[in-house]
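Student: The following block contains the structure, expressed as structure tokens.
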Amino acid sequence: MGNDGGSIPKRSELVKEKKKDPVADARIQTIARWFYCALSKTLLQVPVVADLLGTLYNREAILEMLLDRSRYGDADVICPHIHSLKDVVTLKLTPNSAAQYSHTNGTTLMGADESAPRALFVCPITKREMNGRYRFVFSRQCGCVVSEQAVREIEEAHCLVCNKPVAPDDYIPINPDAEQLVKLKAALESRKKAKVNDDGHINEHGC
Ligand SMILES: [Zn+2]
């Protein structure tokens with residue numbers, strides 16, 4: 001991957017930065033979570049998938065990991081709950097027309113104030129940029145991604161984007177806060193148990 005000078009640093013370069021300043025540290029963490037695949041640490045590039053804990057990945061990285069769990073070294077730490085493509089949802093993202101994104105070298109230019117890169121994606125309803133400043137959710141029924149504000153303001157039993165039926169608990173927060181993460185983990189566990197009961201013959205390894 002090339003670096004055209006105006007591009008944001010790679011995730012590995014970001015995490016090498018000294019982390020003495022808590023504000024700078026939080027900013028780096030935010031960029032890492034919202035712009036980079038949690039597994040391959042490369043810039044997010046469609047098709048992007050999310051797990052039911054709201055973590056973002058490049059679909060390609062997940063496919064590679066499923067073929068070889070040691071491909072990215074830390075798969076069993078980052079996504080021990082992903083065992084097949086059924087454990088992730090392919091996201092339907094709305095590209096940000098303001099982002100100068102290069103598909104050839106997978107980089108994006110910094111925003112005007114240089115404090116953060118321009119978001120690659122926006123909410124199709126509110127046009128808010130998906131840059132970590134606003135909460136976003138996706139529907140696990142259809143994968144459509146919208147800002148939480150849109151879902152809150154327009155209470156609908158159907159997806160605001162594709163009109164598929166969607167229940168409130170079908171919305172998964174992207175990069176959730178600690179409190180939301182506890183709830184998502186509990187929901188993941190109970191779905192896993194429900195699946196075991198459905199399948200009946202599942203062994204104790206949960207395979
Ligand atoms: Zn939808």
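The values are calculated or read from the model by the stated rules, or taken from the named source; none is laboratory data. What you see is a predicted model, and the numbers here were worked out from it, not measured in a lab. Note that we place each Cβ from the backbone using ideal geometry, even for glycine, and neighbour counts take in every protein chain shown. Keep in mind that these areas ignore ligands, DNA and RNA; they rest on the heavy atoms of the full protein, side chains included. Shrake-Rupley method; radii C 1.70, N 1.55, O 1.52, S 1.80 Å.
Student: Using amide H atoms built 1.01 Å from N in the peptide plane, name the residues 5+ places from ILE174, or on other chains, whose amide H lies under 5 Å from its own.
Tutor: PHE136, VAL137, PHE138
Student: Let me ask something else about it. If I ignore ligands, DNA and RNA and count only protein heavy atoms, how much of LYS192 is accessible to a 1.4 Å probe, in Å² to the nearest 10?
Tutor: The value for LYS192 is about 120 Å².
Student: Now for a different question. Ranked from the most accessible area to the least, with a 1.4 Å probe and all protein chains present, what is the order of ASP169, ASP87, ASP198? The partial results should precede the final answer.
Tutor: Details: ASP169 105, ASP87 50, ASP198 130 Å².
Reading off the accessible areas and sorting them downward yields ASP198, ASP169, ASP87.
Student: Also: Using θ = phi - 60° and the Karplus curve 6.51 cos²θ - 1.76 cosθ + 1.60, what whole-Hz ³J(HN,Hα) does each residue of the range 137-151 get, with Gly and Pro shown as x?
Tutor: Residue by residue, the range 137-151 yields 9, 10, 8, 6, 7, 10, x, 5, 10, 9, 6, 4, 4, 4, 5 Hz.
Student: So, R0 is 25 Å and r is the distance between the beta-carbons of ALA157 and ILE125; what FRET efficiency does that work out to, to 0.05?
Tutor: It comes out at approximately 0.95.
Student: How many percent of the accessible area of the range 11-199 is carbon or sulfur, using a 1.4 Å probe? Provide the component values of the computation, followed by the final result.
Tutor: Values: 5500 of 10410 Å².
C and S fraction of accessible area: 53 percent.
Student: Can I ask one more? To the nearest Å, what is the center-to-center distance of the range 19-69 and the range 154-195, using C-alpha atoms only?
Tutor: 20
Student: For the range 114-170, count the residues as N, evaluate 2.2 N^0.38 Å, and divide the Cα radius of gyration by that value, please.
Tutor: Working: Rg = 11.8 Å, N = 57, 2.2 N^0.38 = 10.2 Å.
In units of the 2.2 N^0.38 Å rule of thumb, it is 1.16.
Student: Just check the range 11-199 against the gyration tensor rule for me: Cα atoms, a ≥ b ≥ c as the square roots of the eigenvalues, rounded for a/c under 1.5, and otherwise prolate or oblate depending on whether a/b exceeds b/c. Mind dumping the intermediate values first?
Tutor: Values: a/c = 1.60, a/b = 1.16, b/c = 1.38.
Verdict is oblate for the range 11-199.
Student: What does the accessible area per residue of the range 11-199 come to in Å², with a 1.4 Å probe and no ligands, DNA or RNA counted?
Tutor: Numbers: 10410 Å² over 189 residues.
Solvent-accessible surface per residue comes out at 55 Å².
Student: Sort SER147, SER70 from largest to smallest accessible area, using a 1.4 Å probe on the heavy atoms of the protein chains.
Tutor: Numbers: SER147 0, SER70 80 Å².
Sorted by accessible area, descending: SER70, SER147.
Student: For VAL166, what residues show an amide H to amide H distance below 5 Å, using hydrogens built from the backbone and excluding near sequence neighbours?
Tutor: Counting only residues 5 or more places away or on other chains, the set is HIS158, CYS159.
Student: Separate question: What does the extension gain come out to for LYS193 and ALA26, with contour length at 0.36 nm per residue minus their alpha carbon separation? Walk me through the intermediate numbers first.
Tutor: Numbers: separation 167, 0.36 × 167 = 60.12 nm, distance 3.51 nm.
Taking 0.36 nm per residue and subtracting the Cα distance, the gain is 56.6 nm.
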